[in-house]
Each structure stands twice: as C-alpha cells, then as structure tokens.
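The values are calculated or read from the model by the stated rules, or taken from the named source; none is laboratory data. Quick caveat, the model's predicted, so the values are computed rather than measured. In this analysis, Cβ positions are derived from the backbone assuming ideal geometry, glycine residues included, and neighbour counts consider all displayed protein chains. With ligands, DNA and RNA removed, areas are computed over all heavy atoms of the protein, side chains included. Shrake-Rupley method; radii C 1.70, N 1.55, O 1.52, S 1.80 Å.
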Number of protein chains: 2
Amino acid sequence: MEISNDTQALVSARRERSLTTIVRDRLEQMILQGELGAGTRLNEQALSKVLGVSRGPIREAARLLEREGLVASVANQGAFVRQLSIEEALELYDLRAAIAGYACAQLAERASAVEKREMREMVEEMDRCITAEEEARYFELNLVFHDRIAELSGGKRTLELYTSLGKEVRLLRRRVLRGTESMRFSNEEHKQIVGAIQDGDAAAARKAAEQHHINGKRRWLDTL
Amino acid sequence: MEISNDTQALVSARRERSLTTIVRDRLEQMILQGELGAGTRLNEQALSKVLGVSRGPIREAARLLEREGLVASVANQGAFVRQLSIEEALELYDLRAAIAGYACAQLAERASAVEKREMREMVEEMDRCITAEEEARYFELNLVFHDRIAELSGGKRTLELYTSLGKEVRLLRRRVLRGTESMRFSNEEHKQIVGAIQDGDAAAARKAAEQHHINGKRRWLDTL
DNA sequence: AGAGTGAAAACTGTTGACAATTTGAAAACG
DNA sequence: CGTTTTCAAATTGTCAACAGTTTTCACTCT
C-alpha cells in the first residue's frame, strides 16, 4: 500500500514542510510521469485516501498546480490534468526560448570564472555521454544544464518561470530520446552558448540560446 | 461594514464563481491598491471575519496569489504580501520586455487588418490624451494597449505571463505619472511598435517592444 | 536591570462533517 | 423504442472545531 509509505514521509517531514507542499510535489510527479493522464480529474476523495491526508491540503495543492499550468479547474467540477494542444506547446517553447535568451545574456555579463568552468565541464560531460551512447544520462544532464543556467543568471523569477514552463511542456512531450546525431547537434549548440557566455558576449549568448530552443522545438515537432 | 457588501456579491455570484476566486480577486485588489502593504501578513482569521467567509477559501486564494508572485508563504507563519526588492523589480521589467518582444513579433506576423487598425487608433487616442494633458487616462490606455497586444498575439500563456508580471511589478511601483514630455516619448515608441507590426516586420516589432519596456524600466528607475 | 523561563494567547495546519451541485441511471412518458 | 423526468449516489464547496506551532509577555533568577 502506498498509504504507509506516504504516512511515514508525512511524519518525518511534518511541520517542516506542510502537507500541502508534499502533496503538491507528489501530484506533480504523478502528472509528469503520466500516472495521471491528460484530462484526468483529480478526484479529491480518492487522492485523499491514497495519499492519506484530508481533502484540504489536496485542494490547496491543486491550486498551486493550477497556477503552474499543470492542472485546470472548473467550478463545481474540480481540477483536471491539463490537456495541452500542439499550438500551446509551441507557444511554450517560444516563451521558454525568450526567457532562456534573457538568462544567457545576463549570465554572459555576470558569470564568474568558476561558473564558466562549471558550464564548460557540463558540456564536456555531455560530449562523453554522446560517444558512450548514454542517451538517458545525456537527457538528464541536458535538463540540469539548462536549469543551472537559469539559476546562475541570478534572477529568482527567471528560474521559476523557466522551470515552470519546462514542466508544463512535459505534459505533452513524452521524453524525446534523440539519437546520437541529434544529441551531437544539440551539444554543438550548447558549446556556442557557453562560448558566448565565456566571451562575455551577451547578444551572441542570447541569440545562441534562443536558437537552441527554437531548434529544440523543431526537433520535437519532427517527431510527431 | 464591508461584510454585507461582500456577502451580497457572494450570494449573487454563488455557484458560478467559487468563493476562492472571489476572495482571490478581492485580495489581489487590496494588495495592488496598497491596502495591504508589502510585508503584511495575511491574517486568515481577520480576513475571514472581514470578508465573511471561512478560512478555507482564504487559504486557497492565498495559494493562487502565491504562484502569481503577489504573496510568499512561510511554513507555520502563513502568507505575507511579497516584498519586492529593486533588483527583483528590474528583473521583472526585463522578463516582461522579453515576453512583450515575443508577443509583438508574433503579432507582426498574425495581425489582421482590423486589429492593426485598432492598435493605430489606440495610439492616436493616447496622442490626444497627451495634448489634452489627461495623464490619468493616458496611464489607463497605456495599460490596456499593452495587455491588448499580449492578448492579440494569440498565446494564452503569453497573455497570462505578461499580465501576471505586470501585476507583480506593481507591488513596488506606485503609479508613475510621467509628465507630458515623458508621455510623448513613450507614445513615439508605441508608434514604432505599431508601425513595425503594420509592416509585418517581426524583428523590428520585437526590438521596438523590448526597447520600449527597457526604456520604461529606466524611466521608473529615474524616479527613485 | 537584564537575560532566561515558561505558560498563555494567537495563529496556522489539518481534519471531518455538512451543504450545494453535478452526474448517471432507473423509471415514466410519448 | 427513444426521450424526458426524477431521484439517488458521487463529488465539489464550505465551514467550524481540533491539533500543533509560533509569538507574546509576565515572571523569575542572577
């Protein structure tokens, strides 16, 4: 049973993190992993039984997810896992591109030597993954790489928006594993981004980051 | 007493809009109008008495505002009206600039003839406000103009983000009335934006919109 | 007088119960 | 046989009470 497991987590983490945030993370996980498919209603009773908490925290968690774009609420009908159209997904890619561009431009002006080094090393590590054909690990590092850029750019809201849009788009995109070639192209673009940041060339960094995300959009679109 | 008023709204709108969203809008209003100053705790008991609802809807509304960036929650201490630092405000201006740039670029490619005409007329109307020295009205039209652009760009999330960032920045900015000269400069920039959209020149529209927001940031910064 | 202590007050976190609404299926009707 | 009506079950919306935490403030001890 899931209950005991969650209840345990509940007890240990109690009064540090509220049940609401715990439920929020759990629901987010369930949604992003497809456990709760698009369009599914978040049945409060059922969830409260499964997660071992009352309906209050679940409702609050749903509100949090609503603003994050992962669920949509209808009055008197509850919250549903959001259904993303392709058009909406494309829009999200564009918005993410714009924000990533800004983040990289900022980073080009702000980044310290150690930060630059960190990013260089991440790209090199991804290169190793390509030659070793470790696609899953490349995928993971790629996510970390981009989130880290948003984080290092210094803006809290920038990071929030970037990761939030990333989660949102994952509603539709079932983990696109790309094949060696595609990874190689992708990482070449990473190198351009990191290179521009290293040179302190904000305009170039911005352009490279935007183009990278736009290319990502195209790659994703091609898989449909 | 406020209670009767709110209770009335409650009864009339009941089961159409949930109490949560009503409370949300009311709280948002109170925050943006400075009725609840930055750093104030949203006392659930007090608010439930004033608004005439129980604490549940208030908690949920607070969660909505949390994701919108208007309040920040601390475990076991509740929700506080967010305190925006100048650095954060500058970041918000930049993000908004990036999104506005994207929206205008989209609009340059998508806008219909009537939409172009609508925007031209808004700018002309603002011009009239300047010569008539109706600053308040100009201020109002300016807000509508930008929100309308975001709306016409077609992306739902784009509009959401743009308006959300706008509200967030208002936490700090007490309505900057700018004087005739400043309005004139501002509206000249509007003309550039509209012109580029009219020409279908996405790159120019984007650049003009971004620059306009960056200039807005500078104007705001100068008033400190 | 000032720092520490401890209980009481105020508040948030959570719950279970009740009210209102929607949904789905059986029954009534054409 | 298909359509409408009605009613019960399921579900969301709201509330008030209880549990746990933080804050306040009077009191003690040095």
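For A:PHE80, nonlocal amide neighbours, meaning residues 5 or more places apart or on other chains whose placed amide H falls under 5 Å from its own, are A:LEU42, A:ALA72, A:SER73, A:VAL74. Between A:ASN43 and B:ASP201, the simple label model (points 7 Å from Cα in the Cβ direction) yields a spacing of 5.9 nm. With charges set only on the Cβ (+1 for Lys and Arg, -1 for Asp and Glu), what does the dipole of chain B come to about its Cα centre, in debye to the nearest 20? Using Cβ point charges on Lys, Arg, Asp and Glu, chain B gives about 700 debye. Placing a label point 7 Å from Cα along the Cα-to-Cβ direction at B:GLN83 gives distances to the equivalent points in the other copies of 4.6 nm, listed shortest first. For the chain pair A and B, buried accessible area totals roughly 3000 Å², probe 1.4 Å, rounded to the nearest 100. Counting only protein heavy atoms and a probe of 1.4 Å, the accessible surface of segment B:86-222 is 48% carbon and sulfur. With point charges of +1 on the Cβ of Lys and Arg and -1 on the Cβ of Asp and Glu, referenced to the Cα centre of the protein assembly as shown, which listed residue (A:ILE99, A:ALA209, B:SER48) lies farthest in the positive direction of the dipole? Positive-most Cα among the choices belongs to B:SER48. Compared with the dominant Cα axis of chain A, that is its longest principal axis, helix A:179-199 is turned about 70°. Accessible surface area normalised per residue over chain B is 50 Å², counting heavy atoms of protein chains with a 1.4 Å rolling probe.
The stretch between A:GLN83 and A:VAL144, if pulled fully straight at 0.36 nm per residue, gains 19.4 nm over its current Cα-Cα span. Per-residue Karplus couplings for segment A:39-52, computed as 6.51 cos²θ - 1.76 cosθ + 1.60 with θ equal to phi - 60°, are listed in order as x, 5, 7, 7, 6, 5, 4, 4, 5, 5, 6, 4, 8, x Hz, Gly and Pro entered as x. The other copies place their B:ASN43 label points at 4.2 nm from this one, listed shortest first, where each point is 7 Å from Cα along Cα→Cβ. Report the percentage of all Cα-Cα pairs in the protein assembly as shown whose separation exceeds 31 Å, rounded to a whole percent. The calculated P(r) of the protein assembly as shown puts 48 percent of pairs beyond 31 Å. For the protein assembly as shown, a crude dipole built from +1 on the beta carbon of Lys and Arg and -1 on the beta carbon of Asp and Glu, taken about the Cα centre, is about 1200 debye to the nearest 20. Determine the residues within segment B:138-174 where the difference in accessible area between the chain on its own and the full set of protein chains amounts to at least 30 Å²; count protein heavy atoms only and use a 1.4 Å probe. The answer is B:LYS156, B:ARG157, B:LEU161. Classify segment A:73-162 as rounded, prolate or oblate, taking a ≥ b ≥ c as the square roots of the eigenvalues of its Cα gyration tensor: rounded when a/c is under 1.5, otherwise prolate if a/b is larger than b/c and oblate if not. Taking the square roots of the gyration eigenvalues as a ≥ b ≥ c, segment A:73-162 is oblate. A simple spin-label model places the labels of A:ARG17 and B:GLU160 2.3 nm from each other, with each point 7 Å out along Cα-to-Cβ. Measuring gaps between exposed loop sites in chain B (trypsin sites (Lys or Arg not before Pro); DSSP loop; at most 12 other Cβ atoms within 10 Å), the longest gap, sites not included, is B:16-173.
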